[in-house]
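As structure tokens, the structure follows; a few thoughts come after it.
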Amino acid sequence: MNVVVEGDTLQVLKGFDDNLVDLVMTSPPYNKKRVKGGLVKEVKYKEVTDNLPEKEYQKIQSDVLNECYRVTKPGGSFFYNHKMRWVNGFMIHPVEWLRRTNWILRQEIVWNRKIAGNIRGWRFWSIDERIYWLYKPVGKKTTGEELLSKHAKMTSVWDDIRPENNNPHPAPFPIQIPARIIHSILDENDGIVLDPYSGSGTTLIAAKILGKDYIGIELVKEFIEQSNERLYNYKDFVKDVETEVGKHIVIKSYKQRKKEKLEKDKVSTFFKVEPRSIIKKG
Ligand SMILES: C[S@@+](CC[C@H](N)C(=O)[O-])C[C@H]1O[C@@H](n2cnc3c(N)ncnc32)[C@H](O)[C@@H]1O
């Protein structure tokens, strides 16, 4: 526990026990075709190929998702960050392979990064990524637990989180993303958080600061060294995590507001009925 395991994700996951972790979250390699001469820096993960035939890529992703399903406890969740891609003009949607896995697709969250990856005019500039909330049911209970109001109010569009630009890793996400997810799902509870493509360790740092256990898996040694260094210096990220946690507050919960509304309705009905009955009697 609280380690980054070096190796290929699928092979490493096969060695893990069933029902081990409470929460999985990751941003996998996106299988981006090499675009030469663009304005945006090409993403390269050192020796890792991110340019597979699409069918092969989707098969690997489905297999990884299903292994993550096996190692997640019933009632556990997986937050999977991905995006729309286009090949020869055809759009590829992540739901195409997510539907072929064992997970229940619970929600699609839009992360409005406000920055386009490719500013050409083939289509309107694509400035969003998606985060899929996947759920492992408990028996036949497919709906799962409700989020507390202070977390649910974060809504399904996240437009208050800017992309990370202070990290030498080629494709990190900002710490606010895993902090929001871990805090919303586990709240004050203990738990084990797994990131199967942990890169520079952003998920693991958020888990550590929020008092959870973590496991990362990463193929590139240099990124493991980077994540261990960042984990050692986790205090550098405490302020960002605290700012995120500070957003999760409600003055009154939905239940409180409902109760107060019912009480208010009762009072106004009482006053509506009472004067009339007085008039009648008179
Ligand atoms: C999008 S990045 C994740 C970045 C991470 N969220 C962060 O904030 O640093 C994907 C990572 O997956 C790693 N990766 C790619 N293929 C892999 C494989 N087969 N097994 C393990 N890791 C792999 C890459 O080296 C890269 O660091």
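The values are calculated or read from the model by the stated rules, or taken from the named source; none is laboratory data. These numbers come from a predicted model, not from an experiment. Please note: Cβ atoms are built from the backbone with ideal geometry, for glycine as well, and neighbour counts cover all protein chains shown.
Quick look at the values:
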quantity: Test: residue in the range 221-228 that is more than 16 Å from the ligand (Cβ to nearest atom) and at negative phi; calculated: no
quantity: Hits in the range 121-147 (condition: farther than 28 Å from E67 by Cα and either in contact (Cβ under 8 Å) with a residue 40 or more places away in the chain or of a type in the set (S, T, N, Q) (or both)); calculated: S126
quantity: Qualifying residue in the range 154-177 (condition: within 12 Å of the ligand (Cβ to nearest atom), assigned to a helix (DSSP H, G or I) and either under 30 Å from I224 (Cα atoms) or under 12 Å from the mean Cα position of the chain (by Cα) (or both)); calculated: yes
quantity: Single residue of D128, D160 found to be modelled with pLDDT of 95 or more and farther than 30 Å from V48 by Cα; calculated: D160
quantity: Residues that are of a type in the set (F, W, Y) and more than 9 Å from the ligand (Cβ to nearest atom), drawn from the range 180-220; calculated: Y214
quantity: Residue that is farthest from L194 (Cα to Cα) [pool: residues in the range 7-53 that are in contact with a Leu (Cβ under 7 Å, 6 or more places away or on another chain) and modelled with pLDDT of 85 or more]; calculated: N31
quantity: The listed residue being in a strand (DSSP E or B), farther than 21 Å from T143 by Cβ and in the same structural domain as Y214 (by TED's automatic domain parsing), out of V64, V110; calculated: V110
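A quick yes/no check of all residues on (1) surrounded by fewer than 18 Cβ atoms within 10 Å (Cβ to Cβ); (2) of a type in the set (V, I, T); (3) more than 19 Å from the chain's Cα centre (by Cα); (4) part of a helix (DSSP H, G or I):
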position	(1), (2), (3), (4)
Q58	no, no, yes, yes
W97	no, no, no, yes
T101	no, yes, no, no
A116	yes, no, yes, no
I119	yes, yes, yes, no
